[in-house]
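For reference, the structure discussed in these notes is given below.
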Amino acid sequence: MTDSSFDVVVVGAGPVGLACGLEVQRRGLSVCVVDKGALVNSIIGYPTNMEFFSTPELLEIGGYPMTTLHYKPLREDALDYYRRVAFTEKLPLRLFERVVGLEGSLDNYTVVTDKGRIRARFVIVATGFYDVPNLLRVPGEDLPHVTHYYKEPYAHADQDVVIIGAKNSSAKAALQLLRAGARPTLVVRGPEISESVKYWIRPDLINRIKEGRIGCHFNSTVARITETTVEVHTPDGPRTLPAQHVYALTGYHPDFSFLATLGITCGTDAAQTPTHNADTLETNRPGLYLAGTVCGGLNTSRWFIENGRYHAQLIAARLAGEAAPQLPEVLQQVQL
């Protein structure tokens, strides 16, 4: 027995999911946005006072201006903005409700959750990728002092901290930890700090490494983590690094098992791209659509808020029987 019915159910209450919800609702279709966590749960998980790499207008949805005192908005600006948009549009939300299955077919879907059943003609999946970290798959990765998410540095004053990775999140974490009184050491699989690190962050990090204030092991991999150390394979042989906390900031990927639960197949390409029509965003199940980062599979730098938000207009117009909207000719590849 279903406990509610809508024209469209959107799975995922992040910025792109909210954009889908409001674009659908504006076209006269009933909609419900479901998320296993909080509203814009991924942004809640971002580091405290994290600065977006984009300017406000590139993060806006639904035509609402994002106001901020900063040239580039902070995490807290975004949290407030997306909440205000959702509330202003009176989007029906079902938060902290996990989708566990999808029954039926086009025009007669039933979204099964851990709290009930929701009937829908169409379903849009906008689940992103931030919830599933890329694991090291080494002994000790499950110890309590090891985490794949960095929040803030203050608890680590006068502690040895190992950061695994060399992209933006690792670079910023290492610099913040240093300035909060920790002793950070980077373990980097490649020969240098990634060229993708933002131009105002990379020189700062490189100079701190040259000074010896931040330890760094290039061309190195983690072999094992213990309660007090990280064992590393380096070009000069094995090294044991002291570590009272470990940040394994090795990236994230979509929840492929969840997509499979919904009946969405994935390609055999390197990115394991979920099956969908690039022009319509409809998956291999008619009436089931993808939006945002999840469209890129393992290629998580292909879609973000800045260009993924246009998926909302495209899908909503199709569901309402309208002509495809005129979208920007080139959706720039951007990174948060």
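The values are calculated or read from the model by the stated rules, or taken from the named source; none is laboratory data. Keep in mind it's a predicted model, so treat the numbers as computed, not measured. Neighbour counts are summed over all protein chains in view; Cβ atoms, including those assigned to glycine, are modelled from backbone coordinates with ideal geometry. Note: accessible area is taken over every heavy atom of the protein model, side chains too, but ligands, DNA and RNA are not part of it. Shrake-Rupley method; radii C 1.70, N 1.55, O 1.52, S 1.80 Å.
Structure notes:
- Selection from the stretch 179-214 of residues that are part of a helix (DSSP H, G or I) and either of a type in the set (Val, Ile, Thr) or closer than 19 Å to Thr229 by Cα (or both): Ile206, Ile209
- Of all residue pairs spaced 6 or more apart or on separate chains, those with beta-carbon atoms under 7 Å, a first member in the stretch 188-208 that is farther than 24 Å from Pro235 by Cα and a second member that is among the polar types (S, T, N, Q) are Lys198/Asn168; Ile201/Asn168.
- Residue count for the stretch 152-166 satisfying the condition of being in a loop (DSSP other than H, G, I, E, B), in contact (Cβ under 8 Å) with a residue 40 or more places away in the chain and surrounded by 19 or more Cβ atoms within 10 Å (Cβ to Cβ): 1.
- Lone unmet requirement of (1) more than 30 Å from Val112 (Cα to Cα); (2) at pLDDT below 95; (3) hydroxyl-bearing (Ser, Thr, Tyr) for Ser4: (1)
- From Tyr149, Tyr71, residue being more than 20 Å from the chain's Cα centre (by Cα), of a type in the set (Ser, Thr, Tyr), closer than 30 Å to Ala173 by Cα and not in a helix (DSSP H, G or I): Tyr71
- Qualifying residues in the stretch 183-221 (those that are acidic (Asp, Glu) and modelled with pLDDT of 95 or more) - the one most open to solvent (accessible area, probe 1.4 Å): Glu211
- Restricted to the stretch 1-25, and to residues there that are more than 15 Å from Ala312 (Cα to Cα) and of a type outside the set (D, E, K, R), the residue that is least open to solvent (accessible area, probe 1.4 Å) is Ser4.
- Selected residue (only one of Val197, Val246, Val187 is out of contact with any Asp or Glu (no Cβ under 8 Å at 6 or more places or on another chain), of a type outside the set (Phe, Trp, Tyr) and over 30 Å from Gly14 (Cα atoms)): Val187
- When Phe96, Phe129 are checked against the criterion of being touching a Ser or Thr at 6+ places or on another chain (Cβ under 6 Å) and assigned to a loop (DSSP other than H, G, I, E, B), a single residue qualifies: Phe129.
- Some residue of the stretch 80-91 being assigned to a loop (DSSP other than H, G, I, E, B), modelled with pLDDT of 95 or more and over 25 Å from Asn307 (Cβ atoms): yes
- Of all the listed residues (Arg98, Arg94, Arg119, Arg83), the sole one being closer than 21 Å to Ser257 by Cα and of a type in the set (Lys, Arg) is Arg98.
- When Gly104 is tested against (1) more than 25 Å from Val16 (Cβ to Cβ); (2) over 24 Å from the mean Cα position of the chain (by Cα), exactly one condition is not met: (1).
- Out of Gly28, Gly63, Gly37, one residue alone is open to solvent by less than 40 Å² (accessible area, probe 1.4 Å) and either in contact (Cβ under 8 Å) with a residue 12 or more places away in the chain or under 20 Å from Leu314 (Cβ atoms) (or both). It is Gly37.
- Meets criteria (modelled with pLDDT under 95 and within 25 Å of Val34 (Cα to Cα)) for Phe129: yes
- For Pro144, the test of being over 23 Å from the mean Cα position of the chain (by Cα) and in a loop (DSSP other than H, G, I, E, B) is failed.
- In the stretch 52-60 there is no residue matching the filter, namely being closer than 20 Å to Leu259 by Cβ and surrounded by 21 or more Cβ atoms within 10 Å (Cβ to Cβ).
- Members of the stretch 215-261 found to be assigned to a loop (DSSP other than H, G, I, E, B) and among the small types (Gly, Ala, Ser), listed by number: Ser220, Ala243, Gly251
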